[in-house]
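*Asks:* Below is the structure I would like to discuss, written out as structure tokens.
Derivation of every value follows stated rules applied to the coordinates shown; laboratory data play no part. Bear in mind that the values here come from a model prediction, so they are computed numbers and not experimental data. So basically every Cβ, Gly included, is an ideal-geometry build from the backbone, and we count neighbours across all protein chains shown.
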Ligand SMILES: Nc1nc2c(ncn2[C@@H]2O[C@H](COP(=O)(O)OP(=O)(O)OP(=O)(O)O)[C@@H](O)[C@H]2O)c(=O)[nH]1
Ligand SMILES: [Mg+2]
Ligand SMILES: [Zn+2]
């Protein structure tokens with residue numbers, strides 16, 4: 001071990017050999033004697049990072065703001081002073097547009113799989129799930145739909161069928177998030193070195209899943225909260241993003257329920273999401289077909305034959321138009337984002 005004073009060498013209780021900190025961290029410690037850590041939570045003026053042995057408060061060099069970091073970022077830290085030296089390049093970055101001209105919000109970095117969590121109740125909404133899918137696709141992550149609260153409905157089949165249709169080859173899993181059985185169902189994506197992020201509306205069971213995937217070593221579970229009986233909406237119990245180790249060597253990121261999710265700069269994400277429409281459009285007579293009134297439109301023909309839902313086409317149109325409008329706005333005149341979107345547009 002090259003850790004010097006400053007870092008506490010306390011083994012995380014309950015993780016021990018299963019969450020092998022040496023494997024996750026130490027191979028990179030040798031770089032100029034720096035310690036490799038992973039950002040666990042971000043506060044206004046400080047970062048908390050996972051060291052493999054617990055968490056540490058990490059200082060920032062003069063002039064560097066915490067807003068430059070995302071939960072899940074790998075960073076190199078001077079082990080003597082616990083001041084951050086640099087951030088390692090990100091493999092993936094989940095980010096979203098917020099209202100108006102505000103900078104994009106960084107949701108999580110270095111995520112392999114996005115668990116898009118929804119419940120078998122009024123929360124289930126194909127249009128909203130498609131927004132999450134576009135975001136996950138665009139970031140280069142693998143989306144998985146996690147249907148929770150299967151214990152509260154007599155038949156899960158209608159939810160499963162609708163979810164499966166949202167994207168080609170999409171994995172959809174069914175869980176009761178309050179039981180340990182959920183860990184087995186989610187295990188294929190939670191192995192050593194893998195990072196999953198939990199996203200979805202408030203009250204769907206993200207923190208409940210976190211608690212079952214990453215039982216707290218200190219006994220302090222992530223708070224969860226009841227939902228409103230009238231409309232199944234949650235109460236925004238979780239208010240900040242956080243990263244936690246999973247037994248077995250993976251990582252899980254919990255996020256607060258999002259109230260709105262606008263799309264922007266996700267044209268390739270939309271192409272993956274609506275691949276069947278993209279494919280059909282190749283068969284239209286006119287290259288600039290809008291799939292509304294043109295003769296020889298393969299998309300309208302598919303609707304006529306019943307192989308494509310009209311609502312799906314409407315949702316594609318709405319998201320594509322929103323993406324185009326937002327991307328134009330956020331890119332400004334000097335960037336070439338709009339032409340990229342136009343090229344990818346059907
Ligand atoms: N019966 C049942 N209840 C569940 C399940 N998953 C979650 N719950 C309950 O649903 C409520 C909301 O769960 P949370 O885990 O707080 O939801 P969340 O997605 O983290 O919500 P926010 O933090 O507000 O975004 C809690 O009362 C949970 O116990 C499930 O699979 N079955
Ligand atoms: Mg929560
Ligand atoms: Zn057409």
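*Asks:* May I ask you to derive the FRET efficiency for residue 87 and residue 53 from their Cβ-Cβ distance with R0 = 30 Å, giving the value to the nearest 0.05? Please list the in-between numbers first.
*Replies:* Values: r = 21 Å, r/R0 = 0.69.
Here the calculated transfer efficiency is 0.90.
*Asks:* Going from the alpha-carbon gyration tensor of region 93-254, what semi-axes, largest first and in whole Å, does one get by taking the root of 5 times each eigenvalue? Don't skip to the answer; put the middle values down first.
*Replies:* Values: eigenvalues 86, 81, 60 Å².
Here the semi-axes work out to 21, 20, 17 Å.
*Asks:* Taking the Cα atoms of region 46-174, what is the range of coordinates along each of the three principal axes, in descending order and whole Å?
*Replies:* Principal extents (largest minus smallest coordinate, Cα): 57, 38, 24 Å.
*Asks:* Could you tell me, in Å, what Rg and Dmax come out for the Cα atoms of region 197-304?
*Replies:* 21.3, 66
*Asks:* Among 318, 149, which comes first, second and so on when ranked by fewest other beta-carbon atoms within 10 Å?
*Replies:* Values: 318 13, 149 25.
Fewest-to-most ranking of 318, 149: 318, 149.
*Asks:* Something else now. For region 107-197, treating each Cα as an identical point scatterer without solvent, what Debye log10 I(q)/I(0) comes out at q = 0.12, 0.17, 0.22 1/Å?
*Replies:* -0.35, -0.72, -1.16
*Asks:* Ok, one more. Under a crude label model (7 Å from the Cα following the beta-carbon direction), how far is residue 122 from residue 259 in nanometres?
*Replies:* That separation, rounded to one decimal, is 1.8 nm.
*Asks:* Next up: Using 1/(1 + (r/R0)^6) with R0 = 22 angstrom and r between the beta carbons of residue 309 and residue 151, what's the FRET efficiency to the nearest 0.05? Spell out each step's value before the answer.
*Replies:* Numbers: r = 29 Å, r/R0 = 1.34.
The value I calculate is 0.15.
*Asks:* Points 7 angstrom from Cα along the Cβ direction at residue 45 and residue 164: gap in nanometres?
*Replies:* Modelled inter-label distance: 5.5 nm.
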